[in-house]
Amino acid sequence: MAFEDLFRAANISASGLAAERMRMEVVANNIANAHSTRGPDGNPYRRQHLVFASMVNGSGAPTGASGLHGVQVVEKLEDPGEFPRIYQPGHPDADGEGFLAMPNVFLPMEMVDLMTANRAYEANVKVMQMFREQMEQTLSILR
């Protein structure tokens, strides 16, 4: 494995770390707003999620391992799902029938997303640790 391949692996891993960190921030924001019944637009909070894409060589198409350059966040989307409604007639945001529209955030789903992002983040940290160890071994050999 050439030095260029090692640095490419580290760069790919670094892009994965950044993307998964952003994913964890979005999930944390979803959890924090799980009970926000009125946002700036007057509607309940809408769950958000990220769309990832592979970064490839300049031609736009991967040409084998050398064409891959990591992952990037290409878009943050709102979940268009329906707002769950609960009966809570005393709430100031309840409609005329006493029903309250709640955010479309479901905590079990958010926890699965958070665990998945955490595992991917840990895997990328392991790659970075291996890169560091290989660089340290190379430097000790060169001394």
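The values are calculated or read from the model by the stated rules, or taken from the named source; none is laboratory data. Source: prediction; values computed, not measured. Methodologically, a virtual Cβ is constructed for each residue, glycine included, from the backbone with ideal geometry; neighbour enumeration extends over all protein chains shown.
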Give segment 44-73 a look and list any residue that's loosely packed, with under 14 Cβ neighbours inside 10 Å, modelled with pLDDT under 95 and either assigned to a loop (DSSP other than H, G, I, E, B) or among the hydrophobic types (A, V, I, L, M, F, W, C) (or both), or say none.
-> 53, 57, 58, 59, 60, 61, 63, 64, 65
For segment 88-134, what are the residues that are within 28 Å of residue 14 (Cα to Cα), surrounded by 15 or more Cβ atoms within 10 Å (Cβ to Cβ) and of a type in the set (Val, Ile, Thr)?
-> 127
Residue 3 meets each of (1) farther than 28 Å from residue 108 by Cα; (2) at pLDDT 80 or above with one exception, condition (2)
